[in-house]
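Participant: What follows is a single structure, and I will ask about it in a moment.
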Amino acid sequence: MTKLEELRRKAMALPEAPGVYLMKNAAGKIIYIGKAKVLRNRVSQYFGSQNNHTRKVLRMVSNVDDFDYVIVGSEFEALVLECSLIKQNKPKYNILLKDDKGYHYVKVTNDAWKMLYDVKQKADDGAKYIGPYTGSEAVGAAVKQAYDIFMLPHCLKRFPQDIDKSSRPCLNYYIKLCAGACKGLVTREEHNAAVEDAVRFIQGGKTAFVRRLNAEMLEASEALDFEKAAKLRDRIRAIEKVSQKQHMVSNAYRNQDVFGVASLGEKSCLCVLQFRDGSFTNTETFVFDRIENPDEEYVELLANFYAAGEDYPDRVCVDRELSQKAFLEEYFTQRRGKKVVLHVPKTGEAKALLESAEKNAGEKLARVLSFNDKQNAALHELQETLALPTFPAYIEAYDISNTAGQENVAGMVTFVNGRPLKRCYKRFAIKSFEGQDDYRSLAEVLERRILEYKAAPDASDEGFSRKPDLILLDGGVGQVHAVRPVFEKYGFDVPLFGMVKDGKHRTRAVAGDAEIAISDNRSVFSLVARIQEEVHRFAVTYHHTLKKKRTLETTLTSIEGVGPKRAKLLLDRFKTLDAVKNAGLDDLMNVPGLSVPAANSVYRYFHIDEKK
């Protein structure tokens, strides 16, 4: 019995009930998650006749070794569970929009003088986090607007330490974008109240906030508090001034997301235009495998876009009617706690916005495919130049960085189809010896990389679980010969070459057992040069980070009662030496693991001993 027949027999034994199915490969890893109104009918379709399947489904089915399933009470429950499982497992053959785009938050610090920032992730630091929101543009723009409107300090000064240290306020004060906290022109209470107003503005939107300010201004006028009324009037004008810079607006429907999709060749692109309070706030684009079954894949696409976010609109516009529209509306409404409508615009403003989203998706896709064509050509030429057995779609590159043997580290960068895949980058601290020896360092790093792969080739750590098509070392024949015995020891059959620099540290050639000139092949030269520059940058950045940290720790360990462990605690808490220096005694005493005598010692070192 073939594997396909075995799977079909198992599928035909499934219950006629709604549920979710999980397709797995030979390693037991989930590669696709789907939902079904009737499990037996839906799953058995995959393993019947292969003639009616799309290319994407055929690829998926060819990798299925087994499947599991979960029975639920209704088709809607199946949708909810499917979305949750896709978010947790990120299966290869599902549409995954968030692989290289994180969620963003608005951070409100818990300091005496509160501050507002846009950040990529939460930290356990006692701050308040608002979100998550999709995309950095919307969060960054909202925070910038809040700074301008509420005249918060744009500088990097710390309060109250830096109050009145400068001779005069910065330019932002004179153009009415800052209230002048650095000169003591606002109290801490006034500053924190402005931050709280900024948070309410970001959370509630322009219209609701202006309505509230107008009510407060009227109340202040009636109470003859004209100074307060004037301040409120100026704040309303600042909000209106910022809003006037907005060119794309949604007047008919104030809060909506517009989804436009374009397809070309084997790829599709999604462009989402987001409007909040009538203003255009953000755009996101995603490129993925071509949508071949819109009625089914659009549901997955929409649910995945809002998978972890809280920023749901009142209305979501799409370009077609979906059979599961009611389920999606119920799902979004439940998650939001307020009605969300799925709408297919036919005429008017919404139709024009949909066409704009589709146009943007088409232009983005054309640019990506054009770039990919150039990169594919360069990779094909690289394959021919180096006589590689396979197309080098997945390339890893390594470089060593140290200063006279100190802080000896290595960087690994990954290029997929000619483009850097930064989530797979790795950093290594050399462990097997001390001193400067690039050959031994590279040998150690590549051995550790190979052992990681052999230990778990199907692990969730994408940076180690995939076997590259080509490995490049920063160096020449010597570096290649130093590492090759490691490959032979473990039977790691991956092509290995060095990237040779000239006397001015510019890419010159590629080296195996001998040097191979690439200067006459512009596309190969440009590709290798980009890889070499990137791996050098990554390794040197890591080296500088460790060197700076070691220098700071050395400074702190010169303080009585502070050893390496306590120095690390201080830097983990305050990040920089200046921050430690400016910390108050209470702040130092609140550092976990730092004793009271040690905190006093640090404080005296920076505030008393230095004045002697």
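The values are calculated or read from the model by the stated rules, or taken from the named source; none is laboratory data. Computed from a prediction, not measured in an experiment: that's the story for all the values here. Backbone-built Cβ (ideal geometry, glycine too); neighbour counts: all protein chains shown.
Participant: Looking at the range 156-172, which of the residues that are within 34 Å of the chain's Cα centre (by Cα) and within 24 Å of Arg237 (Cβ to Cβ) is surrounded by the fewest Cβ atoms within 10 Å (Cβ to Cβ)?
Facilitator: The qualifying residue surrounded by the fewest Cβ atoms within 10 Å (Cβ to Cβ) is Leu171.
Participant: Exactly one condition in (1) among the hydroxyl-bearing types (Ser, Thr, Tyr); (2) closer than 18 Å to Asp295 by Cα; (3) part of a helix (DSSP H, G or I) is false for Tyr32; which is it?
Facilitator: If we test Tyr32 against (1) among the hydroxyl-bearing types (Ser, Thr, Tyr); (2) closer than 18 Å to Asp295 by Cα; (3) part of a helix (DSSP H, G or I), just (3) comes out false.
Participant: Starting from residues that are of a type in the set (S, T, N, Q) and buried (at least 17 other Cβ atoms within 10 Å of the Cβ), keep the ones in the range 386-407 and report whichever is nearest to Phe538 (Cα to Cα).
Facilitator: It comes out as Ser401.
Participant: Then there is this: For residues in the range 499-513 being surrounded by fewer than 16 Cβ atoms within 10 Å (Cβ to Cβ) and either charged (D, E, K, R) or modelled with pLDDT of 90 or more (or both), which is nearest to the chain's Cα centre (by Cα)?
Facilitator: Once the filter is applied, the top-ranked residue is Arg506.
Participant: Determine which member of the set Ser519, Ser465, Ser523 is assigned by TED's automatic domain parsing to the domain that holds Pro420, of a type in the set (Gly, Ala, Ser) and closer than 25 Å to Lys92 by Cα.
Facilitator: Criteria check complete, one pass: Ser465.
Participant: Of all the residues that make up the range 544-556, how many are among the hydroxyl-bearing types (Ser, Thr, Tyr) and modelled with pLDDT of 80 or more?
Facilitator: Here the count works out to 1.
Participant: Suppose we filter the range 524-559 for residues that are under 21 Å from Ala429 (Cα atoms) and either of a type outside the set (A, V, I, L, M, F, W, C) or not in a helix (DSSP H, G or I) (or both); how many remain?
Facilitator: Selection size over the range 524-559: 17.
Participant: Would you pick out the residues in the range 350-373 that are under 29 Å from Val494 (Cα atoms) and surrounded by 14 or more Cβ atoms within 10 Å (Cβ to Cβ)?
Facilitator: Within the range 350-373, Val368, Leu369, Asn372 meet the criteria.
Participant: How many of the residues making up the range 460-485 are of a type in the set (D, E, K, R) and under 29 Å from Gly503 (Cα atoms)?
Facilitator: 2
So that you can scan it fast, the table gives a plain yes or no per residue for (1) assigned to a helix (DSSP H, G or I); (2) modelled with pLDDT under 75; (3) over 30 Å from Tyr298 (Cα atoms); (4) not assigned by TED's automatic domain parsing to the domain that holds Val316:
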| residue | (1), (2), (3), (4) |
| --- | --- |
| Cys155 | no, no, yes, yes |
| Lys176 | no, no, yes, yes |
| Cys182 | yes, no, yes, yes |
| Asn192 | yes, no, yes, yes |
| Gln203 | yes, yes, no, yes |
| Glu216 | yes, no, yes, yes |
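Participant: Would you tally the residues in the range 106-151 being modelled with pLDDT under 80, of a type outside the set (A, V, I, L, M, F, W, C) and touching a helix residue (DSSP H, G or I) at 6+ places or on another chain (Cβ under 8 Å)?
Facilitator: Number satisfying all stated conditions: 6.
Participant: Determine whether the range 288-310 contains at least one residue that is modelled with pLDDT of 90 or more and either surrounded by fewer than 19 Cβ atoms within 10 Å (Cβ to Cβ) or at positive phi (or both).
Facilitator: No: the range 288-310 contains no residue that is modelled with pLDDT of 90 or more and either surrounded by fewer than 19 Cβ atoms within 10 Å (Cβ to Cβ) or at positive phi (or both).
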